[in-house]
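Some notes on the structure that comes next.
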Amino acid sequence: ELPFSESYKIKMVEPIRKSSKEERQRWIKEAGYNLFNLKSEQVFIDLLTDSGTGAMSDRQWASMMMGDESYAGATSYYNLKHAVKNILGFEYMLPTHQGRAAENVLFSALISEGDVIPGNTHFDTTKGHIEFRKATAIDCTINEAFDTTAQHPFKGNVDLNKLESVYLKYPKERIPATIVTVTCNSAGGQPVSMENLREVYELSKKYGIRVIFDSARFAENAYFIKTREPGYASKTIKQIVAEMFTHADGMTMSSKKDGIVNMGGFIALKEEALFKKAAQFNIIYEGYITYGGMSGRDMNALAQGLDEGTEFDYLETRIKQVAYLGQKLKGFGVPVQEPFGGHAIFVDAKRFLPHLPKEQFVAQTLAVELYKEAGARAVEIGALLADRDPITRKNRYPKLELLRLAIPRRVYTNNHMDVIAAALKNVYHRRSEIKTGYKIIDEAPILRHFTVQLTPY
Ligand code: F0G
């Protein structure tokens, strides 16, 4: 058999620049040991996020030339609306400028003070938009998700007992929705099984609760269903995607991930009444309902991206590259979360640097070391990101301290993956020399990780 290779070839390239260790020591200090503060020219391989960092196809660029910039009723809007209807199955759609904007608009129509919103681990902007409205996100993810060594094919699954106990504890008027994130980013890009999606929906209908999917990586979730869940191997990704969304009343989307565009988002709904309510907020916050923060050309590129992003060959290339990096790291003994996630490899920083106390931001310390080693930028998914408790203002220490290596779509080759793996191997070999972490010298009251300033402990 021939070896596996990419399902595309490269038509346009963008130079990237290496730097010296001395330069990087200086730059990271100037950045307050916060990798968000680095200039992109100071980064060689950028694995900060897979969001908005993908490479568009020739067909997407071609569709941009056909963008219709009419304020109202643009053909580009209808192209996007049809893609959402045909691929995802939703009748009603509102474009927004990105995923958190979709959350802002939908939650304005849905969530009030004192509400509770259960789900698998909510993404930080989702949680931020819930807590900003003085409501509470309740994490009902299965326990296996919090053990990076536990083997489970669908670690993003919702624990039905935990979910039902929320439904029993609170009146249904206080639970405007359950949010299921597919794949579950904060749990390590872990998928949710079709069986679990169906059971969550059935249980929620029994209690009269609406189900919303946070759908940023819905296509990667479908790939895992196809390759891991009995009964789905011979189904196409598009058939699986369509079935997934039969178990949702609505969705929010960050199109910057599985839509393979650099900017954009949307809300899609089955209920007309909720659509009408949300449309009012869309007009106030985003723009008129037929563009909502997106230009016509961008809606065209997204319509095309949704089609390409739900093709098996593309997804196989994508997810096998992520697994390639995971296997390499595992081979070097670097502790990584297993099974590997869809969009990223998550390094278990607590197992990597077991001697560092949690107060010194273990995963952030590792992020700084990786940058110094190779000019590679990853992101902390740990105590910095977890923010303080909104009521007690105490630091929240999540069960997992992870360093996320998020792989942009169609951007880097496996040679780049080799560099990342070798760099982490080097850091791993000198891990006992990393004696201290970092402390905060300045932070914002919410979503602090973006702007935080740190200093060595
Ligand atoms: N939901 C999930 C699951 C996400 O991963 C993100 C963004 C959002 C919502 C918000 O979307 O950025 O378009 O406003 N995740 C990015 C990341 C930022 O790096 O994981 P957005």
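A short reminder: the numbers here are calculations on the coordinates, not readings from a lab. Small disclaimer: the values here were computed from a predicted structure and weren't measured. For neighbour counting, all protein chains shown are included, and Cβ atoms are generated from backbone atoms with ideal geometry for every residue, glycine included.
Suppose the Debye formula is applied to equal point scatterers at every Cα of region 59-309; what is log10 I(q)/I(0) at q = 0.07, 0.10 Å⁻¹?
Cα-only, vacuum Debye calculation for region 59-309: -0.22, -0.44.
From the C-alpha gyration tensor of the chain, pull out the three semi-axes of the equivalent ellipsoid (sqrt of 5λ each), sorted largest to smallest, in whole Å.
33, 26, 22
Per DSSP H run of n ≥ 4, the term is -39500 (n - 2.57); total these for the chain, divide by its residue number, and report the mean residue ellipticity at 222 nm rounded to 500 deg cm²/dmol.
Computed ellipticity for the chain at 222 nm equals -11500 deg cm²/dmol.
What percent do you get for the relative contact order of region 59-309 when only Cα pairs under 8 Å and 6+ apart count?
33 percent
Compute the separation of the alpha-carbon centres of region 302-348 and region 358-437 and state it in Å as a whole number.
Cα centroid of region 302-348 versus Cα centroid of region 358-437: 18 Å apart.
I need to check one value: relative contact order of the chain, counting alpha carbon pairs closer than 8 Å and at least 6 residues apart, in percent.
23 percent
Which is farthest toward the positive dipole end of the chain among 76, 89, 119, measuring Cα position about the Cα centre, with Cβ charges +1 (Lys, Arg) and -1 (Asp, Glu)?
119
Tell me the label-point distance for the pair residue 8, residue 169, using the 7 Å Cα-to-Cβ offset, in nm and rounded to one decimal.
4.4 nm
Output wanted: per-residue J couplings in Hz (rounded whole) for region 279-290, from phi through Karplus 6.51 cos²θ - 1.76 cosθ + 1.60, θ = phi - 60°, x for Gly and Pro.
4, 4, 5, 4, 5, 5, 8, 10, x, 4, 4, 9
Straight-line reach from residue 81: which lysines have a Cα under 25 Å away, not including same-chain ones fewer than 8 places off?
235, 238, 256, 257, 270, 276, 277
Evaluate E = 1/(1 + (r/R0)^6) for residue 23 and residue 441, where r is the Cβ-Cβ distance and R0 equals 30 Å; express this FRET efficiency to the nearest 0.05.
Working from the Cβ atoms, E equals 0.85.
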